[in-house]
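The values are calculated or read from the model by the stated rules, or taken from the named source; none is laboratory data. Model, not experiment: these values are computed from the prediction. Glycine gets a Cβ as well: all are built from the backbone with ideal geometry, and neighbour counts include every protein chain shown.
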Amino acid sequence: MSFDAEAHRRASLQGWEEAASGWVRRQELLRELGAPVSHWMVQEISPQPGQRVLELAAGLGETGMLAAELVAPMGGVIISDQAEAMLEGARARALQLGLSNIEFQVLGAEWIDLPLASVDAALCRWGYMLMADPAAALAETRRVLRPGGRLALAVWDRVELNPWALLPAQELAERGIAQGEDAPGGAPPGPFALGHAERVAELLAGAGFAEVHVEALDLDRRHESFQELWDSTLDLSRRFHDAVLSRPQSEVHEIMASLAERFAPYTSAQGTLVVPGRTLVASASA
Ligand SMILES: C[S@@+](CC[C@H](N)C(=O)[O-])C[C@H]1O[C@@H](n2cnc3c(N)ncnc32)[C@H](O)[C@@H]1O
């Protein structure tokens, strides 16, 4: 079946609007998991006081808020996402941190509603691989960057290197209830659609970026218990949530018990779960 880009865009927007409340509930987990990635990205764009930084597909805006502190007081950050509900979560976080040099904008990354060469740097953590046309989004990113402006991004590496996602996907696939992008090796776009360093480098070069650098970062996802991992997965993956909760209650219990066994090998000496993962991070100059 051919890929319907417009249908994907509509479903993605609706899915992320609905997922926002779960992401707000899990923001501490995300903050801990994503901190090394955000720090890497912010270091690569090296924000200077007075600069204007754009964060795309920002979700709750964790990465952009790190940059906001560095460009203050005269500079600022535009925290943007397609989903208004995500930006509401980001606004609440900025208020909590007392950050006042942030603008929040609903923006689609494939058609960025900003003028040519209007920002000094851009950030996009775990966004481009979800888009119908990542090449268009990268070309748009380069258009809004000033010449020489820096981009830093992150995309998940292959699903096989991310058991936190692989095991739930395998469980659903074996039951015949996995769908599209969450299936191991599933078709793009999806969380693992850009999980090859060469592909990321090729896309960046194809969009006209120079000084392209891609590397991998290992990240551990830590959970107090399997129950916490289960609840977090339901909160953070809309596809898992919808697929699982569409099943009868008895099957939901079976899925849960079976997944608990699949994750058991990741139990630490303290009884918590430490599940490995790997992300690719990349930087380039416009
Ligand atoms: C996996 S979340 C990542 C959020 C955040 N960057 C982070 O790292 O925590 C993906 C985000 O990308 C946004 N997104 C997906 N496609 C988009 C598009 N074409 N334009 C703008 N935002 C998009 C979603 O709404 C969602 O908030």
Please count how many residues of segment 90-111 are crowded, with 22+ Cβ neighbours inside 10 Å and within 11 Å of the ligand (Cβ to nearest atom).
3
Can you list residue pairs whose Cβ atoms sit under 9 Å apart, with the first residue in segment 193-204 being crowded, with 17+ Cβ neighbours inside 10 Å and the second being modelled with pLDDT under 95 and acidic (D, E)? Count only pairs 6 or more apart in sequence or on different chains.
A193/E181
Qualifying position, being of a type outside the set (V, I, T) and buried (at least 16 other Cβ atoms within 10 Å of the Cβ), among E28, E84, E62, E32:
E62
Residues satisfying the stated conditions in segment 212-229, i.e. charged (D, E, K, R) and surrounded by 14 or more Cβ atoms within 10 Å (Cβ to Cβ):
D220, R221, R222, E228
Please enumerate the residues belonging to segment 68-86 that are more than 9 Å from the ligand (Cβ to nearest atom) and either touching a helix residue (DSSP H, G or I) at 6+ places or on another chain (Cβ under 9 Å) or hydrophobic (A, V, I, L, M, F, W, C) (or both).
A68, E69, L70, V71, A72, M74, G75, G76, V77, I78, I79, E84
Here is a list: L54, L116. Which entry is within 25 Å of L203 (Cα to Cα) and in contact (Cβ under 8 Å) with a residue 60 or more places away in the chain?
L54
For L66, are the conditions met, namely being under 21 Å from L219 (Cα atoms) and part of a helix (DSSP H, G or I)?
yes
Could you please give the count of residues in segment 133-168 that are of a type in the set (G, A, S), without any contact (Cβ under 8 Å) to a residue 60 or more places away in the chain and more than 14 Å from the ligand (Cβ to nearest atom)?
0
Given (1) modelled with pLDDT under 95; (2) within 12 Å of the ligand (Cβ to nearest atom), index of the condition L130 fails:
(1)
Flagged in segment 147-172 as out of contact with any strand residue (DSSP E or B) (no Cβ under 6 Å at 6 or more places or on another chain) and of a type in the set (D, E, K, R), in numbering order, are R158, E160, E171
Of the conditions (1) surrounded by fewer than 21 Cβ atoms within 10 Å (Cβ to Cβ); (2) of a type outside the set (A, V, I, L, M); (3) over 19 Å from the mean Cα position of the chain (by Cα), F209 satisfies every one except a single condition; which number is it?
(1)
Tally, over segment 233-251, of residues that are out of contact with any Leu (no Cβ under 6 Å at 6 or more places or on another chain), surrounded by 13 or more Cβ atoms within 10 Å (Cβ to Cβ) and of a type outside the set (D, E)
9
Is at least one residue of segment 236-248 in contact with a strand residue (DSSP E or B) (Cβ under 8 Å, 6 or more places away or on another chain), touching a residue at least 12 places away in the same chain (Cβ under 8 Å) and among the hydroxyl-bearing types (S, T, Y)?
no
On the given criteria, is G176 more than 25 Å from A35 (Cβ to Cβ), at pLDDT below 95 and out of contact with any helix residue (DSSP H, G or I) (no Cβ under 8 Å at 6 or more places or on another chain)?
yes
Looking at (1) in a strand (DSSP E or B); (2) of a type in the set (G, A, S); (3) free of Cβ contacts under 8 Å to residues at least 12 places away in the same chain, which is the one condition that is false for A257?
(1)
